[in-house]
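Input: a single structure, listed below in structure tokens.
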Amino acid sequence: MLRTPQTLIICLYASTTSAGCFDYECRAILPRTGETQTAEYTELNPRQKIPLLQDGDFKIAESPAIAAYLSNTYGTRENALIPTNPREHATWLEWCFYVATELDATSLYVMRRHGDLKHIYGEAPMALESAASYFEKQLHHAEQALQDGRPFLVGGRFTTADILLTTCLTWAVSYRVPVTSACHAYLERITSRPAYRAALAANQPRAA
């Protein structure tokens, strides 16, 4: 498994939840250090992006796809992270796309590009402000849904959609973007789960 610090949480959180525990090797690769542009890595992923999961001769990129693959491949009926009921499955897909596009790619990643990575992509104060405002606006959808007190997003059980939303909410907090009350309470519930804590601990750099 080749990853960034942020996406390792997604992958390990999925693995510790869907399969209990299984053997894997994690290779820490940071973006924009040249490591993703080597011939060895380009052969694994021609897009030169991380994260990437390699399972035998199978390779899959993109955090939502990796988490779903781990559940489908190594999960059981009891701990699967993807709903099977057609309507719940459709709702799960809707949540996954919403988080990946509206909260991550259109909002938080724009802030990362012109904040943490401004030395590469340039400073853009208006883009930062607009992205933060867009995140707050789009977060109202999650806030409304969570106000009914549901413990998880879909079907009363933990799914990969919860992994994705938790990651974005944690990211937003680190960027000091306001997180609404129901979303904040949800975040506290999810991050108190043993699997999340195990993933967080596993993400810490190992001593040389």
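If you check Leu200 against the conditions, is it assigned to a helix (DSSP H, G or I), under 16 Å from the mean Cα position of the chain (by Cα) and at pLDDT 95 or above?
Working: assigned to a helix (DSSP H, G or I): yes; under 16 Å from the mean Cα position of the chain (by Cα): yes; at pLDDT 95 or above: no.
So Leu200 does not fit the description; no.
Restricting attention to helices (runs of 4 or more DSSP H) lying wholly within segment 18-100, give those where 2 or more residues are within 26 Å of Ala172 (Cα to Cα) and without any contact (Cβ under 8 Å) to a residue 12 or more places away in the chain.
Here the list reads 86-97.
May I ask you to list pairs of residues, at least six apart or on different chains, whose Cβ atoms are under 8 Å apart, with the first in segment 107-135 being free of Cβ contacts under 8 Å to residues at least 12 places away in the same chain and small (Gly, Ala, Ser) and the second being surrounded by fewer than 16 Cβ atoms within 10 Å (Cβ to Cβ) and part of a helix (DSSP H, G or I)?
Taking only residues 6 or more apart or on different chains, the pairs are Ala124/Lys118.
Checking Arg193 against (1) within 27 Å of Asn85 (Cβ to Cβ); (2) modelled with pLDDT of 95 or more: exactly one of these is not met. Which one?
(2)
State which residue is farthest from the chain's Cα centre (by Cα) when the search covers only segment 177-188 and only residues that are more than 22 Å from Phe97 (Cβ to Cβ) and at pLDDT 95 or above. Walk me through it before giving the result.
Pass one, segment 177-188, residues more than 22 Å from Phe97 (Cβ to Cβ): 178, 181, 184-185, 188.
Filter once more, so that each one left must be at pLDDT 95 or above: 181, 184-185, 188.
Details: Ser181: 21, His184: 17, Ala185: 18, Glu188: 16 Å.
Among those that are more than 22 Å from Phe97 (Cβ to Cβ) and at pLDDT 95 or above, it is Ser181.
The values are calculated or read from the model by the stated rules, or taken from the named source; none is laboratory data. Just so we're clear, the structure is a prediction, and the values are computed from it rather than from any experiment. Reconstructed Cβ throughout: ideal geometry from the backbone, glycine too, with neighbour counts over all protein chains shown.
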